[in-house]
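Written out below as C-alpha cells is the structure these notes cover.
Every number in this text was worked out from the coordinates using simple rules, so none of it is lab data. Small disclaimer: the values here were computed from a predicted structure and weren't measured. Quick reminder, even Gly has a Cβ in these numbers, built from the backbone with ideal geometry, and neighbours come from all protein chains shown.
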Amino acid sequence: MTVPLRPVSAVHALADALRRRVLSGEIPPATPLPEQELSALYGVARPTVREALAVLVHEGLLRRERHRSAQVVEVTVADLDDLMFVRRPLEDLMAATLAGRRVEEADAALGRMAALPAD
C-alpha cells in the first residue's frame, strides 16, 4: 500500500519551520523576525516570508504592528488562565464522554494542576 504525499508550498514549509522554532523556545518571546533576514536565512523571496509570517500571526504565535517586524508573542499568566478557563470544562466533558463515566485519575490530575502555584 502506498500513502500519497501532499505537496507542501514554500510558504507552508517556512511557516512549519518557524512554528517549530517558536514552540521549542529556540526563538524566544519578543524576538523580532525581520523579513529580509528570514529571506536570506531560508533562501526564499520576501513575499514567501511575509505570507508565512501572516500564517503564524493568524495562529497567534506572532504579532505584527505596522512598519515593524513580526515578533514572537509572550504568553502571560493571564493568557494561561484564559486557556485553562476554557480547556478544563472541555477536558472534563471529553474524559467523561470517552470513559462513559467520571475518571478518578483524571479528576486527581486536574486537582493537582489546579493546586500548582501561579508562577
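A few comments on the model shown:
- Helical contribution to [θ] at 222 nm, DSSP H n ≥ 4, -39,500 (n - 2.57), averaged over the chain, rounded to 500: -19500 deg cm²/dmol
- Multiplying the residue separation of Ala40 and Leu23 by 0.36 nm and subtracting their alpha-carbon distance yields 3.9 nm.
- Kyte-Doolittle mean at least 0.0 and Cα axial length at least 30 Å: DSSP H helices in the chain: 77-99
- Computed about the Cα centre, the dipole magnitude for the chain is approximately 460 debye when only Lys and Arg (+1) and Asp and Glu (-1) carry charge, each at its Cβ.
- Two-decimal log10 I(q)/I(0) for the stretch 24-88, as the Debye equation yields it once each C-alpha is a single scatterer, q = 0.20 Å⁻¹: -0.83
- The residues neighbouring Leu56, those whose beta-carbon lies less than 13 Å from its own, together hold a net charge of +2 under the Lys/Arg +1, Asp/Glu -1 convention.
- In percent, rounded to a whole number, the relative contact order of the chain is 22, using alpha-carbon pairs under 8 Å and six or more apart.
- A Förster radius of 25 Å combined with the Cβ-Cβ distance from Ala10 to His67 puts the calculated FRET efficiency at roughly 0.50.
- Annotation: amide H-H contacts under 5 Å for Ile27 (H modelled 1.01 Å from N, sequence separation of 5 or more, or interchain): Val22.
- The listed peptides 46-59, 90-103, ordered by packing as a protection proxy, come out as 46-59, 90-103 (highest mean of other Cβ atoms within 10 Å first).
- Paired Rg and Dmax values of the chain, which use every Cα atom, in angstrom: 19.5, 55
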